[in-house]
Each structure stands twice: as structure tokens, then as C-alpha cells.
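Peer 1: Once you've had a glance at the structure underneath, I'll fire off some questions.
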Amino acid sequence: MTVLGEATMHLKSATLDDTAPSRMDTGAPLSMGERAAALPVAAVLFGALDVAGVRYGIIQDLASLPAALAGRDDIDLLVDKQDYQLFCSIMAELNGVRGVSLSCYDNVCAGREDWFVPDFSRGAYLHLDLHVGIRVGWEFRKRYLALDYPAIARWERTSSDGVSVPLVSVEDEIRLSLARFAFRLWRLPWQQWVTIGGNWKEQLSRLESASGGNAPHRVEFKLGRDAVSCRVRPSGRGLLVHGGDLAGLRRAIRRRAGFSTVSGMADAAVHLVRKTSYLALRVLGRLMPGAVPPKRRPSSGGLVVALVAPDGLGKSTQVDLLTRRFRWKFGCARAYVGTGEGSGWWFRKGLQQLVFPRRREFKAVIARGGEESTPRGGAKRKVLALGLALWGVLIAVERYVVVKRACRWATRGLIVISDRWPQMVRQGYLDGPMIPSNLPSFPGLATLIRLEQRLYRNMEACRPHLILHLVSDFSVSEKRKPGAIRKEGFEARMALMTELRNRDKDIRAVDASASAEAVNRELFRQIWLSL
């Protein structure tokens with residue numbers, strides 16, 4: 001039996017009455033109405049880590065723990081370096097995905113990784129901010145090892161929504177935070193005490209009871225052969241820390257890591273270069289979306305996912321939901337290759353608004369053929385036929401640009417979820433070629449047809465990494481989107497999708513008859529397993 005299987009069996013027989021000390025029992029827990037329920041995979045994950053004997057603990061305050069277990073916040077996890085390989089094996093059993101980032105981002109430092117664990121029953125995922133050692137320094141230059149797992153003096157067992165986890169003690173949490181503050185806070189030469197406010201005030205609010213009012217409280221550090229203490233005391237604006245003690249702590253951390261005080265100058269220079277690069281990339285990303293790699297991307301690279309279905313099966317709704325879900329932590333973008341209400345070239349959409357109301361009239365004139373015997377009628381037919389052929393080429397060019405852009409974004413690490421995807425098996429259906437084969441002949445028609453076919457062949461070569469077909473019967477489409485499509489057109493599209501699946505066995509079909517939530521969970525599972 002695997003470690004994961006043993007953990008699952010253990011969790012079935014476990015109760016919430018832990019004999020280990022629980023910080024949630026001694027503190028003031030949040031009510032269930034104030035937080036989301038924990039994802040079931042959280043209990044499986046931490047149960048598997050406990051069964052395997054992995055030495056780990058959560059190094060974050062209690063207030064954010066329920067949201068983190070619900071997949072709405074990060075879980076800061078510290079793991080003993082000797083158990084890292086065992087941790088990775090458990091992640092593999094849970095279909096975990098490791099994230100990577102460019103070196104200029106502030107979340108990149110040695111001994112820190114992003115891990116993501118899916119919960120297919122909820123269609124969500126946990127984000128683990130994994131540390132095998134706490135490294136501190138400037139925001140974009142964290143290179144000094146301050147604390148590791150053996151340096152944590154005490155862990156406290158706590159339970160949230162039935163998930164039992166080891167949580168760092170209040171004293172060790174303060175030590176860890178002060179080690180970070182030592183490189184983040186600066187003071188004027190005549191300033192003796194430095195105020196820690198903002199988000200850190202909430203993190204260290206429990207120090208007041210431990211320090212006994214406003215009397216200074218000493219936080220002790222053992223860094224190799226150096227023993228350092230920092231005087232801290234609560235205040236109305238946050239927490240007061242002695243500036244001289246912070247400077248001494250900063251020097252001791254550098255000495256322990258094998259660096260001298262002079263290295264602080266190099267830290268400032270590297271920090272400035274990286275932060276400048278980071279800001280430049282942010283600006284470039286705003287001006288040209290998808291032009292730069294995202295802050296977090298799967299270690300296996302990006303992915304192009306195409307959702308294909310007739311109208312009324314919830315295709316656009318699912319694309320929206322999936323894009324928002326993956327965009328929480330990954331770089332995720334949406335593509336649209338249709339000609340409906342989605343995004344598109346303003347020129348094409350404006351022209352479509354003008355022509356669309358009279359499209360049936362124009363098609364009828366083109367189809368009359370020999371009935372128009374006058375020269376004027378024949379010229380009108382040819383002009384309309386030319387317009388229809390040019391319209392097909394315009395649509396093909398727009399789709400070609402979108403397809404190439406989606407593939408380019410995926411190479412940069414983005415997860416691209418496309419609403420539809422072009423095919424060239426059959427004209428006029430499922431975003432295939434649009435120039436009809438029965439157009440009256442006119443000079444240049446063959447050239448336009450060849451151009452359209454060449455564009456679709458190029459798009460055919462840019463295959464998505466994953467194609468998902470939403471399948472159902474016409475009654476479901478008519479119920480969800482009445483009048484959007486006729487039954488004959490729906491059946492023709494479903495038959496074409498069956499033919500496409502017979503040609504490509506990698507295309508996966510998903511039943512769209514279920515509820516939107518159930519369909520979304522299945523689509524999420526299919527996409528995650530392809531990362």
C-alpha cells in the first residue's frame with residue numbers, strides 16, 4: 001500500500017479530538033461562517049506527510065490558515081531538507097505540479113519552490129509556498145540562510161476544519177519574522193526604536209500577552225557560535241523593535257552564511273537591477289499582454305487547451321470559469337476564434353454589424369444563378385460573391401493571428417484556454433473554411449480560395465496540446481440557449497465532432513448534460529492532468 005493510501009485510511013478513522021496540543025483550542029478560532037471550508041485534498045496531503053514521517057510545519061499565522069486550506073491563500077510550508085525527496089514523491093502521487101519563475105522575480109531564491117496540489121472534487125487547488133530553509137535578505141536578493149527546520153524550537157499541533165497540521169509556535173514565528181525584518185527595516189542614526197506596522201502587525205499581535213504589557217521582551221537567536229537577542233515591545237501603531245539589535249542580528253546572519261558586512265553593498269546593487277528588470281517586465285506585460293513569461297508557470301511549460309462544442313452547451317461559460325480558476329496563481333489567458341459575441345478585430349466586428357442583418361438576402365442573390373439574366377444582375381452576383389470570398393479570407397486571417405498568438409503564449413509558459421478551434425475537414429462548420437464551393441466564377445476567385453486553404457492548413461499544423469469536446473443532445477442546447485441553433489445544424493456539428501474524434505484519438509469528450517459545476521470539475525481535471 002502506498003503512503004497516500006495509508007494516509008487516506010488513517011483519515012477515515014481519525015477524529016477531531018487530538019491529544020496533541022492545539023493552538024486553535026487555546027486561541028479564539030474563527031467561526032465557520034467567516035471562512036470557507038478546507039479542500040478535502042488538504043486532509044489527504046497532510047495525512048500522507050504524517051504517515052510518511054516527513055518533518056514539516058506551517059510557518060504562518062493562524063488567521064490565514066483556514067483560507068489557505070480552502071485554496072484561497074498561500075500555505076507557507078517548511079520541510080526538513082533531508083525529507084525533500086520524500087515530499088516530492090508524495091506530491092507526485094497527488095498529481096502535484098511544481099511552478100517556476102524568472103530569476104528577476106521577488107519570489108525566486110534558493111530553497112524555495114511553488115507547489116500546486118489539485119482537488120478534483122472541488123475543481124480547485126492548493127498553493128504550497130515550500131521552503132527547505134528560510135532565506136532572508138533584500139526583497140530581490142534573499143540569499144542568507146537564517147533558519148531551517150531543526151532550528152525551530154517548538155511546533156504546536158492545530159486543527160482547522162478537520163485538517164490537523166503542525167504550526168510554528170508564537171515565539172518561533174516572531175524569531176522568523178524578525179530575521180526577515182532585519183533586512184527590510186532601516187532607521188535614521190538617531191532613531192533607537194523601529195516600528196513594524198502594516199500586515200506584520202497582525203502577524204505579531206500575540207506578542208503582547210507573552211511580553212507582559214509594554215515591558216521590552218527579548219527574542220533570542222542562536223546562529224552558529226553567535227547568540228543574539230532582539231528587544232521588542234508592543235505599541236499602538238504596531239510593534240517596536242530596537243534598531244541596534246536588528247543591525248546586530250543582520251550582521252550575525254551574514255556571518256553565519258559566510259558573508260561579510262561588505263556583501264550588503266552587492267546585495268543593494270543586485271536588488272536594484274532585479275527590481276528594475278521586474279518593473280520593466282510588468283510594464284511590458286501591461287502594454288503587450290503575453291509578451292513576457294508569467295510570474296508563475298508550470299515546470300513542464302505552457303499549454304493550449306481548445307474547447308469545442310455547438311452553441312448552447314456552455315462553452316463560453318466554461319472558458320470564463322477555467323480562466324479565472326487557473327489565473328489565481330498561474331499565467332492564464334483566453335483566446336477566441338469564433339465570429340460571434342466574443343472578442344475580435346474591431347474592423348471585422350463593425351463590418352459584421354452592418355452586413356449581418358442582410359446576409360440572407362445577399363446569399364439568396366448569389367444562389368439565384370441563371371435567374372438573373374440581365375448584365376446588371378450578373379454583376380451584382382459577382383460583386384456579392386467577391387465580398388463573400390473576401391469575408392472568408394478576412395476571417396481566416398483573424399483566426400490565423402489568434403491561433404499563432406495562442407501557441408506563442410504557450411511557449412512562454414501561459415495556460416491558454418481557447419473558445420473553439422479551427423478545423424478544415426468540412427467547410428462552414430465548427431470554424432472551418434467559409435468560402436462556399438458554389439460561388440459564381442470571377443477573376444481572382446481561385447486565388448482567394450487557395451489563400452484561405454493555405455491559412456487553414458497552417459492553423460491545422462498548430463495543434464492544441466489538449467482538445468476537449470463538449471457533447472450532449474439538442475434538447476440541452478435548446479433549453480440553455482433557445483433559438484441559438486437549429487436542430488439540423490446541431491446534429492451536423494455533433495456528427496463532425498464524432499468524425500474529428502475518430503481521426504484523432506487524443507481528443508477527449510466531456511458530457512455537457514450535467515450541471516455547470518460538474519462539467520467544470522471534469523474539465524479542470526482533464527486540463528490539470530495535461531500540465
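The values are calculated or read from the model by the stated rules, or taken from the named source; none is laboratory data. Just so it is clear, the structure is predicted and the values come from calculations on it, not from any experiment. Positions of Cβ are generated from backbone atoms using ideal geometry, with glycine treated the same way; all protein chains shown enter the neighbour counts. All accessible areas refer to the heavy atoms of the entire protein, side chains included, with ligands and DNA or RNA removed. Shrake-Rupley method; radii C 1.70, N 1.55, O 1.52, S 1.80 Å.
Peer 1: Please find, within the stretch 345-388, the residue that is surrounded by the most Cβ atoms within 10 Å (Cβ to Cβ) out of those that are outside any helix (DSSP H, G or I) and modelled with pLDDT under 80. Walk me through it before giving the result.
Peer 2: Filtering the stretch 345-388 for residues outside any helix (DSSP H, G or I) gives 345, 368, 372-374.
Remaining after also requiring modelled with pLDDT under 80: 368, 372-374.
Details: R368: 13, E372: 16, S373: 7, T374: 8.
Among those residues, the one meeting the criterion is E372.
Peer 1: Which number in (1) open to solvent by less than 20 Å² (accessible area, probe 1.4 Å); (2) in a loop (DSSP other than H, G, I, E, B); (3) over 30 Å from D73 (Cα atoms) marks the one condition that G264 misses?
Peer 2: Among (1) open to solvent by less than 20 Å² (accessible area, probe 1.4 Å); (2) in a loop (DSSP other than H, G, I, E, B); (3) over 30 Å from D73 (Cα atoms), the lone unmet condition for G264 is (2).
Peer 1: Provide a single number: the residues in the stretch 94-115 that are open to solvent by 40 Å² or more (accessible area, probe 1.4 Å), touching a Phe, Trp or Tyr at 6+ places or on another chain (Cβ under 6 Å) and within 11 Å of V41 (Cβ to Cβ).
Peer 2: The qualifying residues number 0.
Peer 1: May I pose another question? Restricting the first residue to the stretch 112-141 and requiring it to be more than 18 Å from E93 (Cβ to Cβ) and free of Cβ contacts under 8 Å to residues at least 60 places away in the same chain, which pairs with a second residue that is part of a loop (DSSP other than H, G, I, E, B) and hydrophobic (A, V, I, L, M, F, W, C) meet a Cβ separation below 7 Å and a spacing of at least six or different chains?
Peer 2: Final answer for the pair search is R135/C109; R135/A110.
Peer 1: Can you find a residue that is more than 20 Å from the chain's Cα centre (by Cα), buried (at least 17 other Cβ atoms within 10 Å of the Cβ) and of a type in the set (G, A, S) anywhere in the stretch 37-44? Outline the logic, then answer.
Peer 2: Restricting attention to the stretch 37-44, the residues satisfying the condition of being more than 20 Å from the chain's Cα centre (by Cα) are 37, 43-44.
Next cut, buried (at least 17 other Cβ atoms within 10 Å of the Cβ) only: 43-44.
Checking which are of a type in the set (G, A, S) leaves us with 43.
Scanning the stretch 37-44, I find at least one residue that is more than 20 Å from the chain's Cα centre (by Cα), buried (at least 17 other Cβ atoms within 10 Å of the Cβ) and of a type in the set (G, A, S), so the answer is yes.
Peer 1: For the stretch 163-177, check the following and say yes or no: at least one residue is at pLDDT below 85 and open to solvent by 70 Å² or more (accessible area, probe 1.4 Å).
Peer 2: Yes, that holds for at least one residue.
Peer 1: Here's something else I'd like to know. Restricted to the stretch 206-226, and to residues that are in contact with a strand residue (DSSP E or B) (Cβ under 9 Å, 6 or more places away or on another chain) and small (G, A, S), which residue is modelled with the highest pLDDT?
Peer 2: So the first thing to find is which residues in the stretch 206-226 are in contact with a strand residue (DSSP E or B) (Cβ under 9 Å, 6 or more places away or on another chain), and the list is 207-208, 210-211, 213-223.
Checking which are small (G, A, S) leaves us with 210-211, 213, 215.
Numbers: A210: 49, S211: 49, G213: 50, A215: 61.
The qualifying residue modelled with the highest pLDDT is A215.
Peer 1: Kindly indicate whether any position in the stretch 243-263 is in contact (Cβ under 8 Å) with a residue 24 or more places away in the chain and among the polar types (S, T, N, Q).
Peer 2: No, that holds for no residue.
Peer 1: Let me ask you something else. Kindly establish whether L439 is assigned to a loop (DSSP other than H, G, I, E, B), out of contact with any Gly (no Cβ under 7 Å at 6 or more places or on another chain), surrounded by 18 or more Cβ atoms within 10 Å (Cβ to Cβ) and in contact (Cβ under 8 Å) with a residue 60 or more places away in the chain.
Peer 2: Working: assigned to a loop (DSSP other than H, G, I, E, B): yes; out of contact with any Gly (no Cβ under 7 Å at 6 or more places or on another chain): yes; surrounded by 18 or more Cβ atoms within 10 Å (Cβ to Cβ): yes; in contact (Cβ under 8 Å) with a residue 60 or more places away in the chain: yes.
Yes: the conditions hold for L439.
Peer 1: If you go through the stretch 116-146, how many residues are closer than 30 Å to R250 by Cβ and either part of a loop (DSSP other than H, G, I, E, B) or open to solvent by 10 Å² or more (accessible area, probe 1.4 Å) (or both)?
Peer 2: Residues that pass the stated criteria total 12.
Peer 1: State all residues of the stretch 459-483 that are closer than 15 Å to Y400 by Cβ, touching a Lys or Arg at 6+ places or on another chain (Cβ under 8 Å) and in a helix (DSSP H, G or I); if no residue qualifies, say none.
Peer 2: Of everything in the stretch 459-483, just one residue is closer than 15 Å to Y400 by Cβ, touching a Lys or Arg at 6+ places or on another chain (Cβ under 8 Å) and in a helix (DSSP H, G or I), namely M459.
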